[in-house]
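Values in this text are rule-based calculations from the coordinates and carry no lab data. Fair warning: this is a prediction, and the values are worked out from it, not measured in the lab. As a convention, Cβ positions derive from the backbone with ideal geometry for all residues, glycine included, and neighbour counts pool all protein chains shown.
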Amino acid sequence: MTETHILVINPNTTASMTEKIGAAARAAAGPTSRITAINPQEGPAAIQGPADGEAALPGLFDLFARAVNANPGISAVVIACFDDTGLWELKAQSHVPVIGIGEAAYHVASVAAPKFSVVTTLPVSVPVLEDNLVRTGLAGRCAKVRAARVPVLDLEDPTSDARLRIEREIETALKEDGIGAIALGCAGMADLAADLTERFGVPVIDGVTSAVRLSETLAWSGFRLIAPVPDPAV
């Protein structure tokens, strides 16, 4: 079987998060897939809300153009920010599939359960994710987008209480939202999904894993883009 080369781009500049994302992507990938995980050198260290997302775009777009042009064998690109930063702009110009980890997690969660909730980091990100659910066509399947009030970079600090806050928000969602699945709303949570699934007894979905496996499915099916992907919000 032909190798599937998946380029995973973390739009922020935090290398430790890129390493975590790359590890999650490799763990999810099949034996014939190759993962390259990269991040820009210029831009915000974390993406927390629309202002950071906007600030990340120049570095993201430049890195995307250089990386894809330098690697004609790339099968798909994953944008590893749950805000799906720059996703629709890149879909519209790319000759290979571009998948956002938020987009992927919503689709997987909607297959896993009739209703799901999202547990993200800070309240400033909630409106962004709500808008993305509308764009993706799955707003009606999401009971609620919840913020655990965890700064993104706390997920890189083993001494923080980030995991405890996330667990508490999942507990509340399961009690109040009438759901059967949780989507973890940050790439920095990628290493928590398996443990949280076991703890809570429902699918707790990581967008990095979801996006890699959807990328492989598209590649293995022989999917090729013949025209830019339009933004449904336009």
Check: What is the order of I101, I35, I21, fewest Cβ neighbours within 10 Å to most?
Finding: I35, I21, I101
Item checked: Anchor K175: lysines whose Cα lies under 26 Å away (excluding residues fewer than 8 positions away in-chain) -> K115, K144
Margin query: Using only Cα atoms and rounding to the nearest 10 degrees, what angle (0 to 90) does helix 207-220 make with the longest principal axis of the chain?
Written below: 40
Next item on the list: Please give the helix 162-176 orientation as an angle from the longest Cα principal axis of the chain, in degrees from 0 to 90, rounded to the nearest 10.
Entry: 70
Note to self: Need one word for segment 1-113: rounded, prolate or oblate. Basis is the Cα gyration tensor (sqrt eigenvalues a ≥ b ≥ c); a/c below 1.5 gives rounded, then a/b vs b/c decides.
What the structure shows: rounded
Item checked: Modelled FRET efficiency - R0 35 Å, L164 with A92, Cβ distances, 0.05 increments -> 0.30
Next item on the list: Please turn the phi angles of segment 51-57 into ³J(HN,Hα) values with the Karplus equation 6.51 cos²θ - 1.76 cosθ + 1.60 (θ = phi - 60°), one per residue in order, whole Hz, x for glycine and proline.
Entry: 5, 5, x, 5, 5, 7, 4
Next item on the list: For the chain, with a Gaussian network of springs between Cα atoms less than 10 Å apart, report the residue from P127, P158, P40 with the top mean-square fluctuation.
Entry: P158
Notebook entry, point to check: What net charge do the residues around I6 carry, taking every other residue with its C-beta under 14 Å from that of I6, with Lys and Arg at +1 and Asp and Glu at -1?
Noted result: +1
Margin query: I'd like the distance between the alpha-carbon centres of segment 101-166 and segment 26-43, rounded to an integer number of Å.
Written below: 22
Checklist line | Residue-wise HN-Hα coupling along segment 110-115, computed from phi with Karplus coefficients 6.51, -1.76, 1.60 (Hz; x: Gly, Pro) | finding: 6, 7, 6, 7, x, 9
Note to self: If I take R0 = 35 Å and measure r between the Cβ atoms of F200 and V124 in this structure, what FRET efficiency does the formula 1/(1 + (r/R0)^6) give, to the nearest 0.05?
What the structure shows: 0.85
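For the chain, what does the relative contact order come out to in percent, with C-alpha contacts under 8 Å and a separation of six or more? Intermediate results must be reported in sequence, preceding the final value.
On the way: 479 pairs, mean separation 56.6, N = 234.
It rounds to 24 percent for the chain.
For D52, D154, D83, D62, what ranking results if the residue with the fewest other Cβ atoms within 10 Å of its Cβ goes first?
D62, D154, D52, D83
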Checklist line | Partners for K20 among aspartates and glutamates (Cα-Cα distance below 17 Å; same-chain residues under 8 apart left out) | finding: D154, E156, D157, D191, D195, D206
Notebook entry, point to check: Alpha carbon centre of segment 191-216 versus segment 44-58: separation in Å?
Noted result: 24
Check: Tell me, what HN-Hα J-couplings in whole Hz come from the Karplus equation 6.51 cos²θ - 1.76 cosθ + 1.60 at θ = phi - 60° for each residue of segment 130-146, using x for Gly and Pro?
Finding: 4, 5, 5, 4, 5, 4, 7, x, 10, 4, x, 9, 9, 5, 6, 9, 10
Notebook entry, point to check: Taking segment 1-74, which GluC sites (Glu not before Pro) meet the DSSP loop condition and have no more than 16 other C-beta atoms within 10 Å?
Noted result: E3, E42
Next item on the list: Would you order V108, V124 from fewest to most other beta-carbon atoms within 10 Å of each residue's own beta-carbon?
Entry: V124, V108
Note to self: Only four residue types carry charge here, +1 at the Cβ of Lys and Arg and -1 at the Cβ of Asp and Glu. Report the dipole size of segment 103-206 about the Cα centre in Debye, rounded to the nearest 20.
What the structure shows: 420
